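Working notes, beginning with the structure itself.
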C-alpha cells in the first residue's frame, strides 16, 4: 500500500514547519496583578497569560481557582478585571500595551 | 423582488450560505460573535504569517483558504457584522443582537442559523482546576494564538478530536504526555463501507494519527481521566480503564504528571436560538444532544427559519459547507424550492451531503459515551461551574423528585449562571436520567442567550423596532 507510506511521511513532515510565537519577537508588555507580562500584537489576554505560565485568572465566589476552559468565549470561566472593568473574558479581549489585568475575586 | 436573508454565524455553513444567497440576489446580513470569519474549524490566526498554518492538515487548509477568500471578496456586497452576538430570536424572524454596549433588532424574510456546536466534557473530580481545558479550546489557542497551553499535556476523551489535537500539539513542538481515548479506532473501522465514502477525511485523520504514533506518544485505549491532582493548578491526572458501561475497572489507574489535561467527549448543538423561536427539536446524543429538526433544504418547523451545518447535527465542515449553500439558496428563494429546476441546481451539494452523512454517522459511533461515565462525578464534584452546584446537590434535588431541567434549575440554580447552561446542561440531564428521569427533556430557553448589560439593552433605539 503505497498511500500508507505517503500518509506516514506527510504526518511527520509538517512538524518542522510549525513555528510558535516567542515572547521576544515584536511583543509588548501589559500588567497582570501589577507585574509585567509579554504579549504579541493581536494576542488575547488569556493566551498571553498562559504563554507566561499564568493559569489562575479568577477566584470564584466559593474560593475556587478558575482558568481558561473553552478558550473561545462561551464558558465565561476566565472572567477577570481589565482596566478596572470586571467580568471581561480573558480569552476574548485582545491584549494592549499598558493594559492592567487583575484576577477577579468573588463578584468583582 | 430581492429577499433579505439574515445569517447567524460565519463558519463554513454561514459563509457558504451568505455566498449562495448573495449570488441569488438576496440582501444578506451576517452576524458573527468572532472578530474574523472562519468559525471554530477555520479559526484564523492573529498573524497570518506565522503559526497556526502548518499544524493543520493540508486538505483542511486548502478548504479554509478557498472559503474564507470567497467570503472576504463578498464582504463589500453584504452587511457583515463581526464581534456581534445574537441573543434572542422570535418565531416572527426578529433577531436581537449586541455589539459591545449597543443592541439592535434585525428583521429579515429568512433567518439561517449556523451557530455550530460547543464542546462537552464529563465532570470528574478536579476538573475545575486551572489547567483542565476542552481539547478544542487547547486547539483554538494553538490555531489562533500560536500558544501551547502547557509544557506537558494529556489529551483525553472520545471521538476524533483528541487525536487531531494531540497531533497538532506535536507538530507545533509541544509535548503530549499521553493520549487516552475512550473507544478503539477498530470499532469505527468496522464500518468500512461508510468510511470509504469519507475517504479524503479518513486520510487526513490517518495523517494525524501517524504524527502521534511516530512521536511515540503513549496511547491508552479505553482509558478516561478520573481525577486531577493539584490544588493551585494541574500537577497530574489519574487515568483509569473503564468497562463497556463506563464503570472504572479496579487497579487500572495510572498517574501521569502533566500541567494541562485537554478533554473532549463530543459536542452539543448551539440550538438555543432555534429553540427560543419555537423550532421543533429531536434528541440524538452523539450528533449534538437536542438538535433542530430540518428537512433536506434546512427548513425548520417555523416558516422562514432555517438551520444548516453542525447546529443541525454534528457532521463536520464539508457537510456544513454543502448545507450552507443549500440553506442559503432555499432562504433566498423560498417559494421556488418546489421547482425541479431549483433542486437540479443544487444536486451536487445534495449528493455531497448524502455521501458524507453516511461517513459521519460512522464517526459518531465513537461519540456514544456509556452512561456510567457520568458517575465519575463524586459528591463534591462541581457540575455547574458558574453557580458551583455539586453532584450531591443535584442528586438531592433528584431524590426530592425534581427531574426535569426546568425544576432542577429552579431548585439548584444549575444552568442559571454566566454561561447560560451551555457548560452544564447536558451533564445535568445525563445525571437526571441516571436517577430515573424518564426523559429529562429541554430547559425552556429565554432571552438572553448571551449576557448583555442593562445599558446595552437600554441603548435600543425605538426606531429600530
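Any read-out appearing in this document is the output of simple, stated calculations on the displayed coordinates, not a laboratory observation. Bear in mind that the values here come from a model prediction, so they are computed numbers and not experimental data. Note that each Cβ is placed from the backbone with ideal geometry, even for glycine, and that neighbours are counted across all protein chains shown.
Can you sort B:306, B:297, B:124 by how many other beta carbons sit within 10 Å, fewest first?
B:297, B:124, B:306
Mind checking the mean number of beta-carbon atoms from other chains within 10 Å of the Cβ atoms in B:174-183?
0
Determine the equivalent ellipsoid of the range B:332-455 by diagonalising the alpha-carbon gyration tensor, then write out the semi-axes as square roots of 5 times the eigenvalues, largest first, rounded to whole Å.
39, 21, 13
Fewest Cβ neighbours within 10 Å first, please rank B:109, B:57 accordingly.
Final ranking by Cβ density, sparse to dense: B:109, B:57.
Pull out the extension gain between residue B:338 and residue B:99, defined as 0.36 nm times the separation in residues minus the alpha carbon to alpha carbon distance; nm, one decimal.
Full extension from residue B:338 to residue B:99 adds 82.3 nm.
Measure nothing but the geometry: give the 0 to 90° angle between the long axis through the Cα atoms of B:58-74 and the longest principal axis through the Cα atoms of chain B, rounded to 10°.
Helix B:58-74 sits roughly 30 degrees off the main axis of chain B.
When Cβ neighbours within 10 Å are restricted to other protein chains, what is their mean count per residue of peptide B:124-130?
Mean partner shielding for this stretch: 4.
Please give, to one decimal in nm, the separation of the simple spin-label points placed at residue B:439 and residue A:62, each 7 Å out from Cα toward the Cβ.
If labels sit at residue B:439 and residue A:62, their model points lie 3.2 nm apart.
Over chain B, what lengths in whole Å, largest first, do the semi-axes of the equivalent ellipsoid take, defined as the square roots of 5 times the eigenvalues of the alpha-carbon gyration tensor?
The three semi-axes for chain B are 35, 27, 21 Å.
Taking the DSSP beta bridges in the protein assembly as shown as the whole, what percent of them are antiparallel, to the nearest 5?
55 percent
Which number do you get for Rg(Cα) / (2.2 N^0.38 Å) in the range B:377-434?
0.94
Between residue B:361 and residue B:348, what is the label-to-label distance in nm when each label sits 7 Å out along the Cα-to-Cβ direction?
2.6 nm
In degrees from 0 to 90, rounded to the nearest 10, what is the angle of the helix B:199-214 Cα long axis to the longest principal axis of chain B?
30 degrees
Rounded, prolate or oblate, given the Cα gyration tensor of the range B:199-248, with a/c below 1.5 counting as rounded?
It comes out oblate by the Cα gyration axes.
Using a Förster distance of 35 angstrom, determine the FRET efficiency expected from the C-beta separation of residue B:378 and residue B:454, and round it to 0.05.
0.35
Looking at chain B, send over the antiparallel percent of its DSSP beta bridges, to the nearest 5.
50 percent
Which of the peptides B:67-77, B:269-279, B:84-94 is most tightly packed, and how do the rest follow, going by the mean number of other Cβ atoms within 10 Å of each residue?
Highest-to-lowest ranking by the protection proxy: B:269-279, B:84-94, B:67-77.
What is the helix-to-structure angle for B:135-145, meaning the angle in degrees between its Cα long axis and the longest Cα principal axis of chain B, kept from 0 to 90 and rounded to the nearest 10?
Computed tilt is about 60 degrees.
State, to one decimal in nm, how far the label point of residue B:75 lies from the label point of residue B:221, with both points 7 Å from Cα in the Cβ direction.
Result for the modelled spin labels: 4.5 nm.
Compute the separation of the alpha-carbon centres of the range B:209-237 and the range B:306-328 and state it in Å as a whole number.
Computed from Cα coordinates, the inter-centre distance equals 33 Å.
What is the protein assembly as shown by shape, rounded, prolate or oblate, if you read a ≥ b ≥ c off the alpha carbon gyration tensor as root eigenvalues and call it rounded for a/c under 1.5, prolate for a/b larger than b/c, and oblate otherwise?
Verdict is rounded for the protein assembly as shown.
Determine the percent antiparallel among the DSSP beta bridges restricted to the range A:25-105, to the nearest 5.
80 percent
Rank-order B:172-180, A:60-68 by packing density, defined as the average count of other C-beta atoms within 10 Å over each peptide's residues, highest first.
B:172-180, A:60-68
In angstroms, what radius of gyration and Dmax does the range B:121-265 have, counting Cα atoms only?
14.9, 48
Per-residue counts of other Cβ atoms within 10 Å, averaged by peptide: what ranking do you get for B:332-344, B:129-141, highest first?
Top to bottom by mean Cβ count within 10 Å: B:129-141, B:332-344.
How well do other chains shield peptide B:133-142, expressed as the mean number of their Cβ atoms within 10 Å of each residue Cβ?
Taking the mean over all residues of the peptide, I get 6.
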